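What follows is calculated from the coordinates using simple rules that are stated; it is not laboratory data. Small disclaimer: the values here were computed from a predicted structure and weren't measured. Because the Cβ atoms are built from the backbone with ideal geometry, glycine has one as well, and the counts that use them run over all protein chains shown.
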Amino acid sequence: MVPEGTGPGQIRRHGGGLKSLQASVARRDIDLAILISARAHDSNYDWTVNEQEARKDGLEPSVIDVVREHKPTTGLTEKDAGLIEFGREVFSKHVVGAATYARVVKVFGERDLVDLVAVMGQHASEATMLAAFDQHLPVGQPPSLDLRIGGQ
């Protein structure tokens, strides 16, 4: 069920890259992938700077709240619920179940899923950099992620 080949380089070859992803899926879907990664890493900086853009790009506040507050995905579209569950498994369990993988491949296709994972990975890397150097939001910019939500 997974892209053939071993190692990240081989798997990345199944993607089309960011330009292909931007042409294939709505910007709100890319924003959702970013917020999933930011929340999984409790990256207040990444969350805050991207939440406003996500809203402008049409990501619904109810979907944002599901991610922000670790709520169940019940009632969301298959696309949103699948991507959120996929991200939660990647970042919390460090493995994606076969059913979850099949669900998101059916909705996004292999190429776009590879590219969405690359977006999540990029933001995971950035969250690490931001945390390592204790990056603060610009002066006057309040954080929009309450890290006490969801048992934090």
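Tabulated values for the structure
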read-out	value
0 to 90° range, to nearest 10: angle between helix 44-56 axis and the chain longest Cα axis	70
Ascending count of other beta-carbon atoms within 10 Å, so fewest first, for Asp57, Asp115, Asp31	Asp57, Asp31, Asp115
Extension gain, Lys106 back to Glu89 (0.36 nm per residue minus Cα-Cα distance, nm)	4.4 nm
Degrees between helix 27-40 axis and first principal axis of the chain (Cα, 0 to 90, nearest 10)	70
Two-site label geometry, Glu53 and Ser20: point separation in nm, points 7 Å out along Cα→Cβ	2.2
Where labels lie 7 Å past Cα in the beta-carbon direction, separation of Glu60 and Gln141 in nm	2.8
Point-charge dipole on Cβ atoms (K/R +1, D/E -1) for the chain, about Cα centre, debye to 20	280
Centroid-to-centroid separation of the range 74-128 and the range 28-68 [C-alpha atoms, Å]	14
Anisotropy class of the range 63-111 from Cα gyration tensor, a/c 1.5 cut	oblate
Taking His136, His123, His70 and counting other C-beta atoms within 10 Å, the order from fewest to most	His136, His70, His123
Choice from Gly75, Gly58, Gly121 with maximal GNM fluctuation in the chain (Cα, 10 Å cutoff)	Gly75
Per-residue HN-Hα couplings for the range 117-123 [Karplus 6.51, -1.76, 1.60; θ = phi - 60°; Hz; x = Gly/Pro]	5, 4, 4, 4, x, 4, 6
